[in-house]
1. Out of Asp142, Asp121, Asp104, I need the residue that is among the charged types (D, E, K, R) and out of contact with any strand residue (DSSP E or B) (no Cβ under 8 Å at 6 or more places or on another chain). Which one?
2. Determine whether the stretch 20-28 contains at least one residue that is among the β-branched types (Val, Ile, Thr), modelled with pLDDT of 95 or more and crowded, with 22+ Cβ neighbours inside 10 Å.
3. Could you tell me whether Gln90 is in the same structural domain as Ser162 (by TED's automatic domain parsing), away from the ligand (no atom under 16 Å from the Cβ) and without any contact (Cβ under 8 Å) to a residue 12 or more places away in the chain?
4. Can you pull out the residues in the stretch 29-78 that are touching a strand residue (DSSP E or B) at 6+ places or on another chain (Cβ under 6 Å) and among the polar types (S, T, N, Q)?
5. Among the residues of the stretch 41-86, write down those that are farther than 26 Å from Asn202 by Cβ, in a helix (DSSP H, G or I) and more than 10 Å from the ligand (Cβ to nearest atom).
6. Going by the structure shown, is Ser69 in the same structural domain as Ile160 (by TED's automatic domain parsing), more than 28 Å from Glu153 (Cα to Cα) and either at pLDDT below 95 or not small (Gly, Ala, Ser) (or both)?
7. Within the stretch 281-299, count every residue that is touching a Phe, Trp or Tyr at 6+ places or on another chain (Cβ under 9 Å) and not polar (S, T, N, Q).
8. Name every residue in the stretch 150-176 that is of a type in the set (Gly, Ala, Ser), touching a residue at least 60 places away in the same chain (Cβ under 8 Å) and surrounded by fewer than 16 Cβ atoms within 10 Å (Cβ to Cβ), in order of residue number.
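The values are calculated or read from the model by the stated rules, or taken from the named source; none is laboratory data. Quantities reported herein were computed from a predicted structural model and do not represent experimental measurements. Heads up, the Cβs are rebuilt from the backbone with ideal geometry, glycines too, and the neighbour counts pull from every protein chain shown.
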Amino acid sequence: MKNLDQIKGQQAVVRHLENALSDGKISQAYLITGEEGMGKKTIARAFAAALLCEDRKQGSYLSCGRCRSCHQIETDNHPDLKVIAHEKPQIISVDEIRSQVVSDVDIRPYQNGRKVYIIPDAQLMNEQAQNALLKTLEEPPDYAVIILLSTNENMMLSTIRSRCIRLPLSPLPEETIKEALRTDYHIPDYRADQIVRFARGNLGKSVEMAQEDDFLNDLHKAGEMMSQVVRRPSYEWSEYIELLTEDKSRYDFYLGLFIDYYRDILLLKAGGDPRRLMFFDEEDTIREEAGGYGFPGLLECEQALFLAQKRLKENVKPELVFFELFQALSDNYER
Ligand SMILES: [Zn+2]
């Protein structure tokens, strides 16, 4: 388990929590926002651990890591730390909020005078659930601290938001992510350099990319598709189009990779440093493509890629969008 001083980046949020702890001025409701992978849960748990630690020094914001309470948090069975669970993946129901928060909060803490509730994915609470929670947020018992974690602040009722101290997380600088990948996750330098370009400031995502083969597979697949589309006749594109359209949640992801691929072509075309390539394994193919396109053609391709993105957002049939995109990419390729 991490202490607050081990959180990478997010200085504004971490400092706020540290000050609250060392001054003993704890609010009863916090709303931590940021996309998946940015560290909402890690920060909330570090804060909870410090709040519940039985051996925290006066004026300190660090949990001791050794007391009974710290051990219980480490092993996920602290009686005064409640992490709200939900059965359906896409919704937190009013019953779940009632049983796990509203009626639980009146039971006094067992150990150290505080009780902490963490609600992950708080944006999944439907309106009823939020309204039920609101009553507790309006008059919480003084020992209760409620920490809401949300990927989307706008899905929270304004009445909930206004009761919470709001702590928005921000994307991390590339250097911070690289450093964390190297020191905490022992990812070799060259891999950290490659991954950080795709992570867009999200440490959790970077770690996931570094540890799973999936991302590298996807990257490879996207690169292969792009290189084959311009080399094969259009009647052979259907297998790619099928692959692209079988999972709606992945269109944007792939299209994003295609855009990166064409940036790579442009990079080599312009004589840029191949170490900056996102598709690091495909330098030879990309170099060949850079030779097969003229600059005007590449600009056309870029426009076609952005047009495709726009049309997918407008719900144009994806089969059509990808086919027309491939056509534009292929038509501009001179070989
Ligand atoms: Zn402790």
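1. Going through Asp142, Asp121, Asp104 in turn, the sole match is Asp142.
2. First pass over the stretch 20-28, keeping only residues among the β-branched types (Val, Ile, Thr): 26.
Within this subset, residues satisfying the condition of being modelled with pLDDT of 95 or more are 26.
If we keep only those that are crowded, with 22+ Cβ neighbours inside 10 Å as well, we get none.
Looking through the stretch 20-28, none of the residues is among the β-branched types (Val, Ile, Thr), modelled with pLDDT of 95 or more and crowded, with 22+ Cβ neighbours inside 10 Å.
3. Details: in the same structural domain as Ser162 (by TED's automatic domain parsing): yes; away from the ligand (no atom under 16 Å from the Cβ): yes; without any contact (Cβ under 8 Å) to a residue 12 or more places away in the chain: no.
In short, no.
4. Across the stretch 29-78, the qualifying residue is only Thr33.
5. Matches in the stretch 41-86: Leu51 only.
6. Details: in the same structural domain as Ile160 (by TED's automatic domain parsing): yes; more than 28 Å from Glu153 (Cα to Cα): yes; either at pLDDT below 95 or not small (Gly, Ala, Ser) (or both): no.
It is false that Ser69 is in the same structural domain as Ile160 (by TED's automatic domain parsing), more than 28 Å from Glu153 (Cα to Cα) and either at pLDDT below 95 or not small (Gly, Ala, Ser) (or both).
7. 7
8. At the first step, the residues of the stretch 150-176 found to be of a type in the set (Gly, Ala, Ser) are 150, 158, 162, 170.
Next cut, touching a residue at least 60 places away in the same chain (Cβ under 8 Å) only: 150, 170.
The answer is Ser170, and nothing else.
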